[in-house]
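The structure appears below as structure tokens.
The values are calculated or read from the model by the stated rules, or taken from the named source; none is laboratory data. Bear in mind the structure is a predicted one, so any value in this text is a computation, not a measurement. With ideal geometry, Cβ positions are generated from the backbone for all residues, glycine too; neighbour counts draw on all protein chains shown.
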Amino acid sequence: MAGKINVGTFRKMKERGEPIVMLTAYDSLTAAMAAAAGIEIILVGDSMANTVLGYENTIPLTLEQSLHHCAAVRRGAPNAFIVGDMPFMSYEADITTGLNNAARYLKEAGCNAIKIEGGLATVPLIEKMIECGIPVMGHIGLMPHRVMVSGGYKLAGKTESETLELIETARRLESAGIFSLVLEGIPALSSQRIAESVKIPTIGIGAGVHCDGQVQVITDLLGMSDGFLPRHAKQYVKLHEIIGKAFRQYVDEVKNKTFPGDENSF
Ligand code: KIV
């Protein structure tokens, strides 16, 4: 399907009941592998702040860092549908700044769309983006940009009133023009109700199986670290073990002078 995917594809997939697969990627090599494996949306998530740049959370990520990685992902996956995840405070302060920064994802980094976290306050910006021709993916529920005010990563939609609020927000974002909506950290039954309340596809992370698609963070899925693994994540392989073993073997071979061998020498 790669190359033929556009924003309309995902609504049709929801109508057909066909789950959408989204994965984060931050570099050209993994982007190429993700595209070749049939990942339908590559999200250049601002999770790159913690997963590859070594920050404690997503707050310090800059627009330039994000665009740099988006462009690398595009080079690795020329035909993929790529969403650039706008960093903290790159769109919140005022509409003009948000619009100009969003446009850079399309013009400079070759993204197909951008993603922004936020509730009703983002509606005017989304409307303006759509009017200008910038496809937008929304993101509600647990919002990592809010970590400093919420004091941690807390589930959303745990009560009836919170769930109703999320449903209303999802509907308003849909009316504003988003083509899809990430639901993060929401109990499965609440997510199901949100997904059933809108025609646009919902893509869940820690939001149960009833979302119209799923997203995972690539470093979790590949087991790049032996540290904390969030409950919403599944490790499909333990690359930290495989890579660690390769590195140790390389160290041994250099130390005992079995590398380089004749076949690696000129
Ligand atoms: O930055 C990211 O990886 C995300 C996903 C968790 C949806 O926003």
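So the values come out like this:
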quantity: Pair list, Cβ < 9 Å and 6+ apart or interchain, from region 130-156 residues that are under 15 Å from Phe179 (Cβ atoms) to residues that are exposed (fewer than 15 other Cβ atoms within 10 Å of the Cβ); calculated: Pro135/Asn6
quantity: Candidates Leu99, Leu120, Leu166, filtered to the one that is assigned by TED's automatic domain parsing to the domain that holds Ser47 and either within 23 Å of Gly213 (Cβ to Cβ) or of a type in the set (Val, Ile, Thr) (or both); calculated: Leu166
quantity: Residue tally, condition of a type in the set (Ser, Thr, Tyr) and more than 17 Å from Pro230 (Cβ to Cβ), over region 128-163; calculated: 3
quantity: Boolean, Ser191 is crowded, with 18+ Cβ neighbours inside 10 Å, hydroxyl-bearing (Ser, Thr, Tyr), over 24 Å from Ala31 (Cβ atoms) and within 16 Å of the ligand (Cβ to nearest atom); calculated: yes
quantity: Unmet requirement for Asp212, which otherwise passes all of (1) touching a Gly at 6+ places or on another chain (Cβ under 7 Å); (2) within 16 Å of the ligand (Cβ to nearest atom); (3) in contact (Cβ under 8 Å) with a residue 40 or more places away in the chain; calculated: (1)
quantity: Criterion (in contact with a Ser or Thr (Cβ under 7 Å, 6 or more places away or on another chain) and of a type outside the set (Phe, Trp, Tyr)) met by exactly one of Gly157, Gly138, Gly133, Gly177; calculated: Gly157
quantity: Top-ranked residue of region 169-185 - restricted to ones that are of a type outside the set (D, E, K, R) and within 12 Å of the ligand (Cβ to nearest atom), ranked as nearest to Lys158 (Cα to Cα); calculated: Gly185
quantity: The lone exception for Ala34 - which of (1) surrounded by 22 or more Cβ atoms within 10 Å (Cβ to Cβ); (2) not in a helix (DSSP H, G or I); (3) not polar (S, T, N, Q) it fails; calculated: (2)
quantity: Residue that is surrounded by the fewest Cβ atoms within 10 Å (Cβ to Cβ), among those in region 156-177 that are in contact with a strand residue (DSSP E or B) (Cβ under 8 Å, 6 or more places away or on another chain) and under 16 Å from Ala207 (Cβ atoms); calculated: Thr169
